[in-house]
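Read the figures in this text as sums done on the coordinates, not as results from a lab. This is a predicted model, so every value here is computed, not measured. Counting neighbours? That spans all protein chains shown, and the Cβs are built from the backbone with ideal geometry, glycine included.
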Amino acid sequence: MLRYLNGGESHGKYLLAILEGVPAGLPLTPDVVNQDLIRRQKGYGRGGRMRVEEDRVEFACGVRKGKTLGNPIGLMIANKDWENWKEVMAVDPGPVPPEKVVTRPRPGHADLVGAIKYAHRDIRNVLEKASARETAIRVAVGAVAKALLAQFGMRVLSYTTEIGGVAANPVDDPVEAYERAEASEVRSPDPEAGARMVERIRTAKHRGDTLGGVFQVVVTHPPIGLGSYSQWDRRLSARLAMAAMSIQAMKGVEIGMGFEAARRFGSEVHDDIYYDHDGRGFVRKTNNAGGLEGGISNGESIVLRVAMKPISTLYNPKKSVDIETKEPFDATVERSDICTVPAAGVVGEAVIAFEMANAMVEKFGGDSLEEMKRNHDAYLAYVKAF
């Protein structure tokens with residue numbers, strides 16, 4: 001199975017990850033990863049940090065001459081802003097400049113609960129790791145997972161469906177929706193709605209406020225049989241939902257028809273089964289299930305929608321209490337974005353891609369890409385003949 005650990009602080013020297021389980025022989029270059037890192041930094045409503053950083057990955061180990069070795073892959077992203085934070089974030093013992101100590105937690109952030117949990121009197125020890133800056137290295141890991149999925153004809157795509165109550169008109173073809181979204185500064189497949197989203201973000205900025213929204217992630221051409229109903233924690237639906245909710249500021253996940261299914265008769269929800277004698281085998285003409293039944297992929301596109309709350313840091317801050325003096329204050333203002341829903345979709349692709357790649361490795365095994373493909377091809381032949 002695939003697994004990874006990540007580390008690094010928002011203003012530390014590096015963001016790091018060790019990724020284990022990628023089969024040997026997978027073509028992989030930094031450019032493959034950097035494309036998604038660049039996409040993560042875009043989007044109307046981003047703040048000043050995105051003008052400072054220029055995220056690029058370095059493979060520290062596990063890749064040689066453009067191919068994976070089967071060993072753990074070390075990924076590193078340098079934080080350019082480290083140069084401005086050397087004294088504050090120094091590893092060596094010594095006092096933190098008093099004016100840089102953070103004692104005023106932001107409502108909606110991990111600040112207060114993290115400080116209490118880990119006994120930190122300087123909230124910067126919390127916010128540096130809880131920060132969504134951490135998602136840069138997760139996007140890098142996800143890009144490796146995407147490269148593996150691509151070897152089996154699978155893509156992981158995302159686009160914005162809503163920002164601040166402004167909803168995009170749906171586009172049936174996920175590839176078309178994705179291509180339209182990539183041309184939009186808010187990653188909306190609906191240009192008219194995208195323009196209204198931009199205006200909504202602009203209004204929030206003038207108010208010193210922030211906005212959340214909803215993005216959709218689609219996995220195309222997954223094989224039947226990923227995941228399992230045999231144990232609760234092996235259900236692919238559960239694993240994908242957990243992955244989506246692991247992203248900072250996410251508050252809800254729907255699969256397929258989602259909550260709408262709870263409002264309808266079963267006859268309006270469940271997807272009829274057909275048999276294609278021309279080679280596809282068992283198919284559906286609708287996809288209300290979002291590609292998952294009983295925690296197992298059913299061969300249709302996997303569809304998830306993820307709801308993101310507004311960012312916690314407001315330039316017109318909420319009320320809070322200083323953890324040292326216990327006096328009321330306006331909450332601390334860290335440099336922040338107004339809306340990151342467009343970027344959150346790219347992060348969503350990454351975390352979903354990792355879980356999908358993990359399910360593929362779990363199902364088809366193989367120490368090398370060649371062996372994994374043999375197993376995959378034999379399985380598809382079995383499914384076709386079932």
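Available extension along the chain between residue 232 and residue 373 is 48.0 nm, counting 0.36 nm per residue and deducting the alpha carbon span.
Working note: Cα atoms of the range 231-289, range along each principal axis, descending, whole Å: 45, 28, 22. In straight-distance terms, cross-link reach from residue 318 covers every one of the aspartates and glutamates whose alpha-carbon lies under 19 Å from its own, apart from those fewer than eight places away in the same chain; here that gives 111, 209, 327, 330, 334, 337. Under Stokes-Einstein, with the Kirkwood radius over Cα pairs as Rh, the value for the range 3-385 at 4 °C and 1.567 mPa s is 58 µm²/s. Rounded to whole numbers, the Karplus 3J(HN,Hα) couplings from phi for the range 55-72 are 5, 9, 8, 10, 7, 7, 6, x, 10, 9, 6, x, 9, 6, 9, x, 8, x Hz, using 6.51 cos²θ - 1.76 cosθ + 1.60 with θ = phi - 60°, and x at Gly and Pro.
Which lysines have a Cα lying under 30 Å from the Cα of residue 285, excluding residues fewer than 8 positions away in the same chain? Reachable lysines: 146, 363, 373, 384. What you get for the chain, charging only the Cβ of Lys and Arg (+1) and of Asp and Glu (-1), is a dipole of about 520 debye around the Cα centre. Backbone amide hydrogens, once placed in the peptide plane, bring residue 235 within less than 5 Å of 228, excluding anything fewer than 5 places away on its chain. Here the range 63-207 is assigned +1 on the Cβ of each Lys and Arg and -1 on the Cβ of each Asp and Glu. Its dipole about the Cα centre then comes out at about 500 debye. What residue among 133, 155, 263 has the largest mean-square fluctuation in a Gaussian network model of the chain, using Cα springs under 10 Å? Answer for the Gaussian network model of the chain: 263.
By the combined test of axial Cα extent (at least 20 Å) and Kyte-Doolittle hydropathy (mean at least -0.5), the qualifying DSSP H helices of the chain come to 135-150, 341-364.
Projected label points at residue 318 and residue 58, each 7 Å from Cα along the beta carbon direction, are separated by 3.9 nanometres. Sorting 248-257, 361-370, 208-217 by their mean Cβ neighbour count within 10 Å, with the most densely packed peptide first, gives 208-217, 248-257, 361-370. Farthest toward the positive end of the dipole of the chain, out of 33, 314, 158, is the Cα of 314, where the dipole comes from beta carbon charges about the Cα centre. Assuming 1.306 mPa s and 10 °C, estimate D for the range 57-206 with Stokes-Einstein, Rh taken as the Kirkwood radius over Cα pairs, in µm²/s. This corresponds to a translational diffusion coefficient of 81 µm²/s.
What residue among 13, 205, 100 has the largest mean-square fluctuation in a Gaussian network model of the chain, using Cα springs under 10 Å? Comparing 13, 205, 100 in the GNM, the peak value goes to 100.
Comparing 33, 88, 347 in a Gaussian network model of the chain where C-alpha atoms under 10 Å apart are linked, the largest mean-square fluctuation is found at 88.
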